[in-house]
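We did not get these values from a lab; they are worked out from the coordinates using the rules stated. A quick note: this is a predicted structure, and the numbers were derived from the prediction, not measured. Positions of Cβ are backbone-derived with ideal geometry, glycine not excepted, and every protein chain shown enters the neighbour counts.
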Amino acid sequence: MPIVTPGKRPAKRFEKSKILGGKMARGHKATNAELNVVPMVDMMTMLVIFLLQQFSSTGEVLYMQKDIKLPDARHGQMIEIAPVVAISSEQVVVTGVKVADIADLDRDSGYLNIPTLEERLRDEKKRWEFIHKSDPGSKWDGIVNIQADKTVPFRIVKRVMYSCGVAGYFNVNFAALDAGSAAAQQGLPPPAG
Amino acid sequence: MGGGGMPEEGGSGKKKKRSLDAVINVVPAIDLLSCCIAFLLFTAVWTQISRLQVAQLGTGAPETETTEQQKQLMVTLAMGERGFNLATSAGTSIDIPSLGRGEKGEIRFDLKSLGDQLKQLKSGFPDASSITVSAEDTVSYGDLVQVIDTCVGSGLAAVSVTGV
């Protein structure tokens, strides 16, 4: 069935007859309304430019969590892809898997290492070695990202750092919010300097 | 003003005027822009997280290569409830007391004075680039990061962290 323009479609013999007062014989009104799309194209172009500025080739390495509020830093470098140890005020999580409770760590404060964390990081290291087995040029750099809440005491961070070092992750990166984006989130101007 | 007027046709004047406006089909452009917006919205990173690289002492990590001049000066910054103590192997020891406690009981460190002292130190020893931060157990992660940030901003980029 052919596609026809919407509107009145009288039978062929009525189309030119004057039986209905000639109403059917009147000139057909154009049914295609012209839309001005120029403002829409302008808006889309602006959106694309804004989103391109926000684009990051490394992607989202660290995910913001409700129970972790990061401190601000002005002289930080771009974050790298590496295993993430997240320390909140309640638990220690490695790449999404909980390895320790802060309360338990406070209870056995006589030890410096965290065995479950070491074990998990060793697994991560083994995985890296397996992936790069056929690539002799790649060198183990031992990078680990520590994402901790700003109120977490250093006694916990110290134990996490020690466990990372024992597991072979001696290159520690402390995660912090870039001061520019932190100020933007709070609606403040970025700090001078 | 008739800035954008049509060109006048001389001669007979009976020729049929052809429209000079070219119609550009913007539908492919809109399609492309829509795809771009969808892709960029999916991949957008809204929070800019940065990193502060630190080394840790006493875990068997390979030592970074330092020149003789850098080895000559060792800078140690101890931080605790009383404030900072900035000491160097040259014999200087500077105390920077804390500014008391905040509303929630947290220690308020004098980061501005620390930054000034570190810049002064850096101007006296331009080759110095490493510092060891020694923090007490009660120091919070937020304060530690801000101190490391101050050190990096003062030109001492190779920061090592250790406990007391």
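Here's how it looks for residue B:132: its modeled amide H is under 5 Å from those of B:75, B:76, B:77, B:160, which are all 5 or more places away or on a different chain.
What percentages make up the Cα-Cα pair-distance distribution of the range A:56-119 when the bins are 5 Å wide from 0? Calculated over all Cα pairs of the range A:56-119, the distribution is 3, 14, 22, 23, 17, 12, 7, 2, 0 percent. Along the range A:170-177 the Karplus relation, 6.51 cos²θ - 1.76 cosθ + 1.60 evaluated at θ = phi - 60°, assigns HN-Hα couplings of 9, 9, 9, 10, 8, 7, 8, 6 Hz to successive residues, with x for each Gly and Pro. Applying a DSSP loop filter and a limit of 11 other Cβ atoms within 10 Å to the trypsin sites (Lys or Arg not before Pro) in the range A:63-120 leaves A:66. At q = 0.18, 0.22 Å⁻¹, what is the log10 ratio I(q)/I(0) for the range A:72-182, with the Debye formula run over Cα points and no solvent? Values, matching the q order: -0.91, -1.22. P(r) tail, the range B:73-139: Cα-Cα pairs separated by more than 17 Å, 41% of all pairs.
Under a 5 Å amide H cut-off, with hydrogens placed 1.01 Å from N, residue A:148 pairs with A:87, A:175 among residues at least 5 apart or on other chains.
Counting every other Cβ atom within 10 Å of each residue's Cβ, A:140, A:128 order from fewest to most as A:140, A:128.
With a 10 Å cut-off around each Cβ of A:162-171, the average count of Cβ atoms from other chains is 4.
Of the cross-linked pairs A:66/A:158; A:69/B:112; A:8/B:17; A:98/B:119; A:150/B:119, those separated by over 30 Å at the C-alpha level are A:8/B:17; A:98/B:119. Look at the dipole of the range A:72-182 built from charges on Cβ: of A:79, A:173, A:134, the Cα furthest out on the positive end belongs to A:134. By the beta-carbon count within 10 Å of each Cβ, the least crowded to most crowded order of A:169, B:141, fewest first, is B:141, A:169.
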